[in-house]
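What follows is a single structure, written as structure tokens, with notes after it.
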Amino acid sequence: MTTTSPPQPGELSLPARPGWPDETGHFGIFGGRFVPEALIAALDELTEAYEAMRVDPAFLEEFARLQRDYTGRPSPVTEVPKFAEHCGGARVLLKREDLNHTGSHKINNVLGQALLTKRIGKSRVIAETGAGQHGVATATAAALMGLSCTVYMGEEDTRRQALNVARMRLLGAEVIPVTTGSRTLKDAINEAFRDWVTNVETTNYVFGTVAGPHPFPAMVRDFQRVIGDEARVQVLEREGRLPDAVLACVGGGSNAIGIFTAFVPDDGVRLIGFEAGGDGVETGRHAATITGGTPGVLHGARSYLLQDDNGQTIESHSISAGLDYPGVGPEHSYLNDIGRAEYRPITDAEAMEAFALLCRTEGIIPAIESAHALAGAMKLGREVGPGALLLVNLSGRGDKDVETASAWFELGEEAAPTDEDDRAVEVGRGADPGPGLDTDQQPTEGAVSNDGAVAGPEAGETA
Amino acid sequence: MSGLAERIAAAKAEGRAALIGYLPVGYPDVDASIEAMVAMVEAGADAIEIGVPYSDPGIDGPVIQEAVDVAVRAGVGMRDVLKAVEAVSGAGAVAVVMSYWNPIERYGVERFATDLAAAGGAGAITPDLIPDEAGEWIAASDRAGLDRVFLVAPSSTDARLRSTTAASRGFVYVASTMGVTGARDTVSDAARTLVDRTREARPDIALCVGLGVSNGAQAAELAAFADGVIVGSAYVREMLEGRGADGVRALTADLAAGVRRAGVPA
Ligand SMILES: Cc1ncc(COP(=O)(O)O)c(C=O)c1O
């Protein structure tokens, strides 16, 4: 454990880091570096440059300035009482990472890694992306800092997150659809590693979550911990106490580690990560890595993963592209095994119910990823009962998900059909518009119904 | 004594480099892949790298990925690999398993070492396992008397060349290019530099060069300074293009001639 003496004037005060990982990137038996030798020099270079950078006052100042002036930090904490009515009487506070520039927590990490890229004198960045949020954030930082940018994205994900593909291209990034394997995030990571090993002299790999080989899990955690550092102070200020539980969705685990880290030493605060349960863990069609997986090695680190008896990675399934990953960051595996954090699955249907509820009760459209944490709050609230204070990381906003959500809820004819439709019929939802979207709903005051909408060409005349 | 070191030394005694061919088990199916491996042995390969199919082959290019994908989907696993090991060693070549780390970890490191030795295998090449993470494998391979082949790369520092070669037994895999597997038109100059640097780090272990070799002329070039030449994607291409054991045999003949005319330009 790092011990901090009171900061002297002019001295940096960095928040205490957890006592893990060790020097070689191990969180107990998890983590490490399972990569080809060809990448070791680059990982060593990154580790060394990062260790120097993270205590460099000039960097800290620039990073803080970017977070404030560019990202819009600190992100607010919003209480959502009408949503909380569905949470067994618990009170629910949202940490609003959805309000960050680019729409999610991913920008926190990317700004740090982009500064590091410049520091080590590389001119090109590559990234993998699932939901497209990390890709958009990387393309954004690359545009800002004058780096060239290539993003690998599973072909399946380019389809379900088309908006983000367009955003990346507008920002000047090259987006390469990956057609190998399951055509999702896992395969995008494989392709990014292949690019990196080939172009490592000019290129830095901006990894999007707290997985991968050392130093990525620790470095990405350090860049994301601002979420929890801010939230802990914000909750203490407004409530005079700590929350009873901190909740986050877990794909690779960066937003969860981001909000958990500041609370790890607070023994009374439960830390709960919600994994994508897909069709239900019992169906085998899910992405609940810790709940349904076993320890193994994938993408450069030892951690829980979904694998078969031959050690082959099992393809994951989730309605949420950002959680559709058969691995998880090693620190989560460690926090699970030492009993400091809990991990639970949330099905597609539960997540979409929470998604709709937040839209309709609070006027906030969450990312489907984040909706898993909201669904977790609904369940946990009912378990712990009235009076409990839940802090939920709203890791991103749902603009990218409107097509998927429209198809799920069968809103409007223009909604693109997806394979979710077939499953919706199978699970017997049929024409039911889904919870929170009742057909006899009253239009919000001032809303314009479809009939009354003004067609494009006439709009100018009537205005 | 190491099975691989012995065979490479025997080739050297004949004034040539050793020829090591790679094929994954299970493409197009288990039997056909084993048949092709045996054809390699009959046509003059000294050792066969028997590839364990893996769903996420991070340092393989499109050619190997395509073949391995088929094997993964067919559920090919360690039992099939051990069958190939028996066939290859029975045919008279040295059998060395090439595996990403997770399939071995999943099978059980101790169990893998025991079963591999029992099947007549000489050891394993582990492309995504660096010695720093290999404590369990080093102990198990010592106990079972198996070779363990680690990789060095152009980006390896001198210190890493020393520690990696010190941990290796059998030979050291000199991955001559920065990049993924796949046949290349030119074998990089970096190969020679890296072989020289590695030899300086540890003079008493065989150095075999791989990544990109596709024909006899390139094999001859490398044989001028390396103890062995490793060929992978070019073999897999023979299989992908449907030429099977015959294609593999013809390619082996070309390569085997190559390693015998070291340094003679094409
Ligand atoms: C909004 C949002 N939340 C969560 C995630 C999952 O990633 P992580 O678990 O690293 O936070 C993503 C990934 O794309 C995302 O876009």
Pick from A:Ala248, A:Ala256, A:Ala231: which is open to solvent by less than 10 Å² (accessible area, probe 1.4 Å), away from the ligand (no atom under 13 Å from the Cβ) and either modelled with pLDDT of 95 or more or assigned to a loop (DSSP other than H, G, I, E, B) (or both)? A:Ala231
Looking at (1) more than 14 Å from chain A (Cβ to nearest Cβ); (2) open to solvent by 50 Å² or more (accessible area, probe 1.4 Å); (3) without any contact (Cβ under 8 Å) to a residue 24 or more places away in the chain, which is the one condition that is false for B:Gly247? (2)
Does A:Arg17 qualify as being under 26 Å from the mean Cα position of the chain (by Cα) and either within 14 Å of chain B (Cβ to nearest Cβ) or modelled with pLDDT of 95 or more (or both)? no
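Among the helices (runs of 4 or more DSSP H) contained in the stretch B:172-266, which hold 2 or more residues that are more than 24 Å from B:Gly15 (Cα to Cα)? So that I can check it myself, show each step before the final result.
Values: elements: B:190-201, B:216-223, B:233-240, B:244-260.
In the stretch B:172-266, the matching helices (runs of 4 or more DSSP H) lie at B:233-240, B:244-260.
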Taking the stretch A:80-104 on its own, how many of its residues are within 13 Å of the ligand (Cβ to nearest atom), outside any helix (DSSP H, G or I) and open to solvent by 10 Å² or more (accessible area, probe 1.4 Å)? 1
Go over the candidates A:Glu275, A:Glu237, A:Glu230 one by one and state the one that is free of Cβ contacts under 8 Å to residues at least 24 places away in the same chain and either away from every other protein chain (no Cβ under 14 Å) or in contact with a strand residue (DSSP E or B) (Cβ under 8 Å, 6 or more places away or on another chain) (or both). A:Glu237
Can you tell me which condition A:Ile272 does not meet? The list is (1) over 28 Å from A:Phe193 (Cα atoms); (2) in contact with an Asp or Glu (Cβ under 7 Å, 6 or more places away or on another chain); (3) more than 14 Å from the ligand (Cβ to nearest atom), and all the others hold. (3)
Members of the stretch A:122-146 that are among the hydroxyl-bearing types (Ser, Thr, Tyr) and more than 19 Å from A:Gln224 (Cβ to Cβ): A:Ser123
Per the filter on the stretch A:39-64, residues within 29 Å of B:Met178 (Cα to Cα) and open to solvent by less than 40 Å² (accessible area, probe 1.4 Å) are A:Leu39, A:Ile40, A:Ala41, A:Ala42, A:Leu43, A:Leu46, A:Thr47, A:Ala49, A:Tyr50, A:Met53
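Using the structure shown, decide if A:Gly208 is within 16 Å of the ligand (Cβ to nearest atom), within 21 Å of A:Ala371 (Cα to Cα) and in a helix (DSSP H, G or I).
no
Of all residues in the stretch A:275-289 being of a type in the set (A, V, I, L, M) and surrounded by 24 or more Cβ atoms within 10 Å (Cβ to Cβ), which is farthest from the ligand (Cβ to nearest atom)?
Among residues in the stretch A:275-289 that are of a type in the set (A, V, I, L, M) and surrounded by 24 or more Cβ atoms within 10 Å (Cβ to Cβ), the one farthest from the ligand (Cβ to nearest atom) is A:Ala288.
Go through the stretch B:115-157 residue by residue and tally those that are part of a loop (DSSP other than H, G, I, E, B) and either polar (S, T, N, Q) or farther than 22 Å from A:His214 by Cβ (or both).
The number of residues fulfilling the criteria is 10.
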Can you pull out the residues in the stretch A:281-332 that are at the interface with another protein chain (Cβ under 9 Å from one of its Cβ atoms), among the aliphatic types (A, V, I, L, M) and either more than 25 Å from B:Glu136 (Cβ to Cβ) or part of a strand (DSSP E or B) (or both)? A:Val297, A:Leu298, A:Leu305
Going through the stretch A:175-207 one residue at a time, which ones are free of Cβ contacts under 8 Å to residues at least 40 places away in the same chain, more than 25 Å from A:Met219 (Cα to Cα) and not basic (Lys, Arg)? A:Ile176, A:Pro177, A:Val178, A:Thr179, A:Thr180
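The values are calculated or read from the model by the stated rules, or taken from the named source; none is laboratory data. No experiment lies behind these values; they were computed from the predicted model shown. Ideal geometry is used to build each Cβ from the backbone, glycine not excepted, and the neighbour counts take in all protein chains shown. The accessibility values were calculated without ligands, DNA or RNA, using every heavy atom of the protein model including side chains. Shrake-Rupley method; radii C 1.70, N 1.55, O 1.52, S 1.80 Å.
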